[in-house]
Each structure stands twice: as structure tokens, then as C-alpha cells.
1. Could you please let me know if residue 44 is in contact with a strand residue (DSSP E or B) (Cβ under 8 Å, 6 or more places away or on another chain), touching a residue at least 12 places away in the same chain (Cβ under 8 Å) and under 21 Å from residue 137 (Cβ atoms)?
2. Name the single residue, out of those in the range 99-118 being under 28 Å from residue 142 (Cβ atoms) and surrounded by fewer than 20 Cβ atoms within 10 Å (Cβ to Cβ), that is nearest to the chain's Cα centre (by Cα).
3. Looking only at the range 80-89, decide whether some residue is at pLDDT 95 or above, touching a strand residue (DSSP E or B) at 6+ places or on another chain (Cβ under 8 Å), closer than 24 Å to residue 222 by Cα and assigned to a strand (DSSP E or B).
4. Search the range 81-93 for residues that are on the phi < 0 side of the Ramachandran plot and pair each with any residue that is assigned to a helix (DSSP H, G or I) when their beta-carbon atoms are under 6 Å apart and the residues are at least 6 apart or on different chains.
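The values are calculated or read from the model by the stated rules, or taken from the named source; none is laboratory data. Nothing here was measured: the structure is a model prediction, and the numbers come from that model. Here the Cβ positions follow ideal geometry from the backbone for every residue, glycine too, while neighbour counts run over all protein chains shown.
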């Protein structure tokens, strides 16, 4: 793993937030509470969690245009991934008919922005749920376990954990894996580029991912505990 730092409470006006730094990648994640759910969910007694993802124009060094008036297909795909991942560790009945909106904004991108966003979004959502549970809006048991994500791949024939941009650009295989603290897979996105991979290589990458995610979940726990002590 590249050096990882999680700073909870980074945005004081949000219900929950953090800045996550993974090597040269930096992402702000916020969670905001709102009463009510989408119309298709109304009357069910169940809550909802949704996500949005974006990259600031200068995050890659060369200005990226803002998607004004047109959808950014990559961003849409990633925010759907973040939402799916977060919903896997939520008990919707514990939320009541309330919604948590997750926003993940990339300040600097050096590979692994979607996995960093998932890992940071969990911290932001956990903080927001605890805050709203303390105020009586949702149940303390609305979260069920932890969740993190990491990239793995094969670069020049060697398995690699947590690819940066240079490694990702030259990878034979690139995968993004999200997993819960109980070792259950939430998402596996993987593809080869020019070279195929076999079952043995896949097994090695999955083991690497499990090890990396275990480290990330420990860092998440430390960040949440440190924030609690500060009040």
C-alpha cells in the first residue's frame, strides 16, 4: 500500500466527512442527511443512501472540463459503484424514511480515486449516521460492519497492490475490489489489457486485495475512534 492518511471531520458543516489521502491521490468525502426518500421508496419505512463523484478541473495536472450540461459517463459509473458499495453495509430499516447523500470530490488524482472514494465515503457515512442517531433521527444499528476498497493488478508480469497512475497506465491487468470487514466481496471489477490472466494470478490478486483492505479498515477504525475522542 502507498501511505494512507484519513482525516475525519475535514468539512465541519457536513454531517460526516473526511479527507482521504492515498499516495498522491486526495479525495474529500462528505455525507449529508435529508428527511424523506425518493418517491419509489416512499411508504416503505426504509431509508436510502446515494452517492455522487466528481474530479476537480486541475486534479490531474491538466485541466479537466466540468461536465456542465452533459453527463460524465465515467463519473456516473463510479458514483453508482460508490452507492452500491455503501448500501451493502447499511440496514435500511434503521434509517427510517431518510436519505444520506454521499459526495466524493477528487482534489488530486494519482490512481485509485474510486477505491479511495469508497474507503473515505464509509468514514463520512459512519460519522453522519452516528451524529443523526445521537439526535434520534436514525438507529445506532443502521450500519452493519465496515467496508473498504483497493486496486490490484499485474504490472510487467508482477502482481501489484494499490496501483498509482503510472502503474495503472502500464498494467496488464487492473482490478478494483470492495470488501467488508467480514471478508465478503461487494464488488470485483477487473479487466486485462493486451494480456490475459489465469486463475492462479487472480487468486494472488484477491489475496493482495484482502490484505490491503484489512489495513484500510484498521485505519478507518482508528480515524473514527480518534474523532470520537475529540467529540
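1. It is false that residue 44 is in contact with a strand residue (DSSP E or B) (Cβ under 8 Å, 6 or more places away or on another chain), touching a residue at least 12 places away in the same chain (Cβ under 8 Å) and under 21 Å from residue 137 (Cβ atoms).
2. Among those residues, the one meeting the criterion is 105.
3. no
4. If the second residue must be assigned to a helix (DSSP H, G or I), the pairs left are 82/117; 82/118; 82/121; 85/118; 86/121; 86/125; 91/142.
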